[in-house]
């Protein structure tokens, strides 16, 4: 057989399963056909991966690409280019666009747009509202839909769901894992009123305090356990939540972000001000330590970027008029590989958090592992490469990152999407063949 592409002599990592020797990976069309010794096999193209690590394609389970309606700050094309530059091969995008993604019509619009412009594979959440509850079990089965998203706080209009009865109904309609932003809206309003005269970004974690997060997390966990619905808790940020989640049921999975793992209050606000303002907020070292403990003891299942860009002009507004959110899809993997270089995180664990578990949790077909028959979407990394993010290399339409100029060790050097080389040595090569992520039935 003649392969389309062979990756030669790379060290293959499958999460906890580390291959004892370097192997070759043979690719034909969009599938991995063979893993082993292929030095005598022919192929259209070969890439020498000696001294490099080959990972299953990184999956980003939480992004906000702002299209449609907010394309002055981001769009699917630019954000997916940023994804590929950061070694990400597939994304799960959130519904808070304009119009909101709350029905089949808006989902299909995004799917068609992504088919035409995306540089990597794609899937989209449908937002739960008090008005579409009875349709959710139908919507979650639509092709390209990763699942349902609930905003318990930090949202406006239809997407805000704070009523317990509505939450109970939403979790009772359907089977797929539901992703939740858990902050208590009532307490948030009370806290904002207490700090109404503050214009200091450093007060952001005091306003959106740990109790706001804990109240909502407790509430939604209780409902999920009662109705037996799989639940994915996004961007957990507090020590109290992490301690509670240590004894979580098997129904519940947990996500943290690179920002919460690598930035801490008050230092980040003094250095970057509103640029690092996000919801839930960057908190103190005390909370950060418990997030890391959650990774070490297995409470944390996934790392997601929560890529949520705004323009610099918007971010430079005086607090609290400045919007929350920052870009992150291009820096997620380098930031975490840098933690590997510091011996704070094992590479095998990182592969679990970014590759295997995202695919497993959301039941993505043929993703998350390097094995025959799986998607030929792969991330090749150089653990010894030290460099910083150059502003000219930022692909996100917003054009900035709080991590610009930060020297990091460990970078993706090749991103392969469905057998096509999309990024090679920090340069975009060509737009690959891309597809919506497919899902197994629950």
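Bear in mind these aren't lab numbers, they're just calculated from the coordinates by the rules spelled out. It should be emphasised that the depicted structure is a prediction, and the values quoted were computed from it without experimental measurement. Glycine also receives a Cβ, built like all others from the backbone with ideal geometry; neighbour counts cover every protein chain displayed.
Rounded, prolate or oblate: which fits region 94-226 when a ≥ b ≥ c are the square roots of the eigenvalues of the alpha-carbon gyration tensor, with rounded for a/c under 1.5 and prolate only if a/b beats b/c?
Here region 94-226 falls in the oblate category.
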Check your understanding: How much length is gained on full extension from residue 317 to residue 108, taking 0.36 nm per residue of separation minus their Cα-Cα distance?
Key -> 71.8 nm
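I need the calculated FRET efficiency for the pair residue 98 and residue 50, taking r as the beta carbon distance and R₀ as 51 Å, to the nearest 0.05.
Numbers: r = 48 Å, r/R0 = 0.94.
Step by step, r from the Cβ atoms, then E = 0.60.
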Exercise for review: Indicate the gyration tensor shape class of the chain (rounded, prolate or oblate), computed on the Cα atoms with a ≥ b ≥ c the square roots of the eigenvalues: a/c under 1.5 is rounded; otherwise a/b larger than b/c is prolate and the rest oblate.
Suggested key: prolate
Check your understanding: Taking the Cα-to-Cβ direction at residue 285 and at residue 165 and moving 7 Å from each Cα, how far apart do the two end points lie in nm?
Key -> 4.9 nm
Exercise for review: Give the relative contact order (percent, whole number) for the chain; include only Cα pairs under 8 Å separated by 6+ residues.
Suggested key: 22 percent
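Arrange the following residues from fewest to most other Cβ atoms within 10 Å of their Cβ: 260, 307.
Details: 260 23, 307 31.
Lowest count first: 260, 307.
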Exercise for review: Find the relative contact order for region 293-359 and round it to a whole percent, using C-alpha pairs within less than 8 Å whose residues are 6+ positions apart.
Suggested key: 36 percent
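Out of all DSSP beta bridges in the chain, what portion is antiparallel? Express it as a percent rounded to 5.
Details: 31 of 68 bridges.
Counting only bridges with both partners in the chain, antiparallel ones make up about 45 percent.
For the chain, what is the mean residue ellipticity at 222 nm derived from helices alone (per DSSP H run of n ≥ 4: -39500 (n - 2.57); sum divided by total residues; nearest 500 deg cm²/dmol)? Mind dumping the intermediate values first?
Numbers: 15 runs with 123 residues, N = 442.
Computed mean residue ellipticity for the chain: -7500 deg cm²/dmol.
Sorted by mean Cβ packing within 10 Å, highest first, what order do the peptides 264-276, 351-363 take? Don't skip to the end; give the middle numbers.
Values: 264-276: 17.7, 351-363: 23.4.
Result, highest mean Cβ count within 10 Å first: 351-363, 264-276.
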Review point. When the Cα centres of region 361-423 and region 218-290 are compared, how far apart do they sit, in Å?
Key: 24 Å
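Specify whether the C-alpha gyration tensor of region 1-62 places it in the rounded, prolate or oblate class, a ≥ b ≥ c being the square roots of the eigenvalues: rounded for a/c under 1.5, otherwise prolate if a/b is larger than b/c and oblate if not. Present the calculation step by step, with values, prior to reporting the outcome.
On the way: a/c = 2.06, a/b = 1.34, b/c = 1.53.
Since a/c reaches 1.5 but b/c is at least a/b, the shape of region 1-62 is classed as oblate.
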Revision key, fill the gap. With the 8 Å Cα cutoff and a minimum separation of six or more residues, region 95-149 has a relative contact order in percent of 38 percent
